[in-house]
Amino acid sequence: MADSAMRCQSRLVYLGDTQPEVLEKCGEPDWMSGWDEAPNSTVSRFYDYERDRYKAPESTRGPMRMDVWAYDFGSNRFVRYLHFENGELIRIETGEKGSD
C-alpha cells in the first residue's frame, strides 16, 4: 500500500520532500538501507505513487542513490517505509504493525 503523505507527530512528510526535510520533521529513522545504482543504468518507471496509478513508462538514467528508511511508531501504528531516489522521497509504504 503506497501513500502520498506521512504524519510525524504534528508535521506531515510528502512525496518530493528531501532527506534533510524528513529528518527535520521526523527525526532519525529506526532503520536505514542504501545502495548506488550502476552509473550507466536505466530505470523504468511504470507506477505513479503520488497519484496511485500506472502510467506510461519513463526512463531515468543513472547514477542514482537509492535509500529506504523505516519509522516504527509503536504497537498502535504501522511501520512506514520511505523510499528515496537521489535524496528525494518518491514512495511511502505502509508495512507491518509496529513494535513496543
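Summarising the label geometry, the points placed 7 Å from Cα in the beta-carbon direction at E28 and R65 lie 1.8 nm from one another.
Distance between the modelled labels on S75 and L12, one decimal in nanometres: 3.1 nm (7 Å Cα→Cβ projection).
At full extension, A5 and E96 could sit 31.0 nm farther apart than now, given 0.36 nm per residue minus the alpha carbon distance.
Rule-based calculations on the coordinates, nothing more; no lab input. Remember, predicted model here, so these are calculated numbers, not experimental data. Don't worry about glycine lacking a Cβ; one is built from the backbone with ideal geometry, like all the others, and counts go over all protein chains shown.
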